[in-house]
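The structure under discussion appears below in the form of structure tokens.
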Amino acid sequence: MAEPSTETLPPLPVGDATLRDKHLLGLPAGVEHYEVEVLAASRFRNVRWEVTGAEAATRTGLVPAVTAALGIRAVKASARALRLGRAATLVGPWATTAEDAVAVGLPASTTVVWVLDCPVERGEKPWPGGDRDGLKRAFPDGMPVRGEERYLQWLVAVARRLRGAIRTSTGAVLTPDPDAATDLTVLADHWVEPAEVLEVVQRVHAGAYLSEPDADGWRGPSSGVGRDSQGAVGGSPEAGGSGLRAALEQHGVADEDERRRLYAEAAAFDEHMLQNPPPSEGFGVLVDLGVDGILAVEVAAAEPQLLPPLIAELPWAADGVVAYRVRWEPFSIEEIEAEKPSFEHRVARARSAPKIQAIAKAVHGLVGGEIADEADFLVHPDDL
């Protein structure tokens, strides 16, 4: 029996006062409930549907859960509560009208709502710096920590992937930009030599080259940058702006003698590592995009504990996984963490994204495996 259409879903209980204290995920038309389930299983282990009340008798059935990378499987959908963790569930889906969506703080384009039920865990006020997801704006009095942080970050990733929006328990509305997530990772069960990867990348961009150590060695940061830039004639402003300077003044080492000792210790360590470099455990391929920045293909073994659950459970991943990360670094790196980046950044990003996708698809053709986006959600090569 197929899952009921949006028209037959129970209506969102707009009059329920407890909705004000929950994080709401609003999704547009065309998003099926099993897509949310697959994204949950991509982040959390032991995700399952739970039977809740009398509705289970009318809404339990077999529905297709589709993942582009893993094919079609059948799951038992027991209506209304998707267990994410020991103390967290995602309740829904609820149908909503444009008027009701606006009434609870979501965009009028919302047709389906999910309600995150998890403990409230707040920490310190947000630190200065970037806020790509808008969470610092949404929680000015104390950032979510521990479980609430984990589940809310996943909710943001889902909204970005499915072009939805979030209304937080503080009343803030987050609409993550789907185009902001550009990086892709190919996860495979074997290592390919640098020359082979370079050849594949050069088919997409002829100017690609292997990243190799500078023959002259690294000689430390340039003068007149960072903290030193404030008193230097012609010095560059620090990358983090005045917020970084304020944080250094509050939390940095104030004693000049102690700072000199720390600087000397760091310099000695750098010198030692330059003279005795550790054996290479990875390599990189770079593509210079000029004013649009740099593309990097970074190859190294993936940490087992950081693998997406859907990958970690596959038989071919048991003996280790190699990650081929295709990453974009713009000319102005700070713009990556801006909730509303500049027009120039968005133009550079739009020109770079197709190249990232083409390189990831080409590397996947060489090594096989699976492709994951920045949130560790799997992507089918045909969708690139």
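The values are calculated or read from the model by the stated rules, or taken from the named source; none is laboratory data. Remember, it's a predicted structure, so these values are computed and weren't measured experimentally. Neighbour counts run over all protein chains shown; Cβ positions are idealised from the backbone, glycine included. For accessibility, only protein heavy atoms count, side chains too; no ligands or nucleic acids. Shrake-Rupley method; radii C 1.70, N 1.55, O 1.52, S 1.80 Å.
Pick out the one residue from ALA312, ALA317, ALA350 that is small (Gly, Ala, Ser) and open to solvent by 50 Å² or more (accessible area, probe 1.4 Å).
Exactly one residue qualifies, and that residue is ALA350.
Just one of the listed residues (GLY147, GLY134) is closer than 17 Å to PRO119 by Cα and touching a residue at least 60 places away in the same chain (Cβ under 8 Å), namely GLY147. Could you go through the stretch 296-306 and let me know if any residue there is modelled with pLDDT under 95, on the phi < 0 side of the Ramachandran plot and part of a loop (DSSP other than H, G, I, E, B). The answer is yes, given that some residue of the stretch 296-306 is modelled with pLDDT under 95, on the phi < 0 side of the Ramachandran plot and part of a loop (DSSP other than H, G, I, E, B). Might you check whether a residue that is more than 21 Å from the chain's Cα centre (by Cα), aliphatic (A, V, I, L, M), open to solvent by 20 Å² or more (accessible area, probe 1.4 Å) and modelled with pLDDT under 70 occurs anywhere in the stretch 29-46? Within the stretch 29-46, none of the residues are more than 21 Å from the chain's Cα centre (by Cα), aliphatic (A, V, I, L, M), open to solvent by 20 Å² or more (accessible area, probe 1.4 Å) and modelled with pLDDT under 70. In this structure, GLY320 does satisfy being farther than 20 Å from GLU212 by Cβ and outside any helix (DSSP H, G or I).
Restricting to the stretch 278-291, and then to whatever is open to solvent by 80 Å² or more (accessible area, probe 1.4 Å) and free of Cβ contacts under 8 Å to residues at least 12 places away in the same chain, can you tell me which residue is farthest from ALA208 (Cα to Cα)? Checking each candidate, the answer is PRO278.
Applying the criterion of being charged (D, E, K, R) and out of contact with any helix residue (DSSP H, G or I) (no Cβ under 9 Å at 6 or more places or on another chain) to the residues of the stretch 273-294, the residue that is modelled with the lowest pLDDT is GLU281.
Across the stretch 127-175, the number of residues qualifying as over 27 Å from VAL379 (Cα atoms), open to solvent by 20 Å² or more (accessible area, probe 1.4 Å) and assigned to a helix (DSSP H, G or I) comes to 3.
The criterion of being within 30 Å of SER352 (Cα to Cα), out of contact with any helix residue (DSSP H, G or I) (no Cβ under 6 Å at 6 or more places or on another chain) and assigned to a loop (DSSP other than H, G, I, E, B) holds for PRO107. If you go through the stretch 350-365 one residue at a time, do you hit one that is of a type in the set (Lys, Arg) and within 30 Å of TRP127 (Cβ to Cβ)? No: zero hits. I'd like the full set of residues that are assigned to a loop (DSSP other than H, G, I, E, B) and over 22 Å from GLU35 (Cα atoms), limited to the stretch 176-192. ASP189, HIS190, TRP191, VAL192, listed by residue number.
Under the condition of being touching a helix residue (DSSP H, G or I) at 6+ places or on another chain (Cβ under 6 Å) and not basic (Lys, Arg), which residue from the stretch 141-162 is nearest to ARG83 (Cα to Cα)? Restricting to residues being touching a helix residue (DSSP H, G or I) at 6+ places or on another chain (Cβ under 6 Å) and not basic (Lys, Arg), the top hit is VAL158.
Pairing residues of the stretch 82-93 that are among the basic types (Lys, Arg) with residues that are in a strand (DSSP E or B) and open to solvent by less than 40 Å² (accessible area, probe 1.4 Å), at Cβ distances under 8 Å and at least 6 apart in sequence or on separate chains, gives ARG83/TRP49; ARG83/THR89. Just give me the residues in the stretch 94-115 being in contact (Cβ under 8 Å) with a residue 12 or more places away in the chain and among the aliphatic types (A, V, I, L, M), in sequence order. The answer is ALA95, ALA98, ALA101, ALA103, VAL104, LEU106, VAL112, VAL113, VAL115.
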